[in-house]
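The values are calculated or read from the model by the stated rules, or taken from the named source; none is laboratory data. Predicted, not measured: the structure shown is a model, and the values here were computed from it. Cβ: placed from backbone, ideal geometry, glycine included. Neighbour counts: every protein chain shown. Heavy atoms of the whole protein, side chains included, go into the accessibility calculation; ligands, DNA and RNA do not. Shrake-Rupley method; radii C 1.70, N 1.55, O 1.52, S 1.80 Å.
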Amino acid sequence: MYFCAMETNRQKKMGALLQADLVDILQGEIRKNGISNLIITVSKVNITTDLSIAKVYLSIFPTEKATDLLKAIQSNAPLIKHDLAQRVKNQLRKVPNLIFYVDDSLDYIEKIDTALKGDENPIENRDLLARRKKK
């Protein structure tokens with residue numbers, strides 16, 4: 001199992017297909033269980049070259065609930081895979097195993113944005129650059 005740097009068109013198409021269906025499944029579960037104040041999006045799906053494993057990246061808001069929710073989703077992975085198989089049985093012969101991760105790239109972008117707006121902006125406050133240089 002390895003992830004190729006360049007995704008083939010087939011991997012991209014499968015990733016997009018799985019992404020759309022996983023969004024439906026996860027958001028459907030949230031609605032069905034009457035959970036409010038929670039947003040889950042599938043930000044990316046990477047599939048191995050042999051199409052056996054799919055890495056599913058989730059954006060979860062509010063972020064405080066991310067770790068607990070990720071554990072719940074991971075424990076329900078077989079059920080989610082079964083639901084997915086029912087949806088894609090006409091397009092795929094075999095559904096890849098799903099591995100879920102929290103996509104924290106939005107938090108990272110927000111931290112950079114906050115730093116640039118605040119006192120920590122090295123572009124506006126040149127003194128910060130001297131402090132950050134390695135000695």
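Listed values, structure above:
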item	result
Residues of region 54-66 that turn out to be open to solvent by 30 Å² or more (accessible area, probe 1.4 Å) and outside any strand (DSSP E or B), as a count	3
Residue, surrounded by the fewest Cβ atoms within 10 Å (Cβ to Cβ), within region 80-124, restricted to residues that are modelled with pLDDT of 65 or more and of a type in the set (S, T, N, Q)	90
Residues (in contact with a Ser or Thr (Cβ under 8 Å, 6 or more places away or on another chain) and among the β-branched types (Val, Ile, Thr)) located in region 66-123	102
Pairs with Cβ under 7 Å, 6+ apart, first in region 28-48 and over 16 Å from residue 58 (Cα atoms), second of a type outside the set (Val, Ile, Thr) and assigned to a loop (DSSP other than H, G, I, E, B)	48/1; 48/2; 48/3
Selection count where residues are within 15 Å of residue 101 (Cα to Cα), open to solvent by less than 60 Å² (accessible area, probe 1.4 Å) and not β-branched (Val, Ile, Thr), scope region 30-48	2
Condition check for residue 84: free of Cβ contacts under 8 Å to residues at least 60 places away in the same chain, in a helix (DSSP H, G or I) and over 15 Å from the mean Cα position of the chain (by Cα)	no
So residue 51, is it surrounded by 15 or more Cβ atoms within 10 Å (Cβ to Cβ) and assigned to a helix (DSSP H, G or I)	no
Residue within region 28-44 that is outside any helix (DSSP H, G or I), of a type outside the set (Lys, Arg) and in contact with a Leu (Cβ under 6 Å, 6 or more places away or on another chain) present	yes
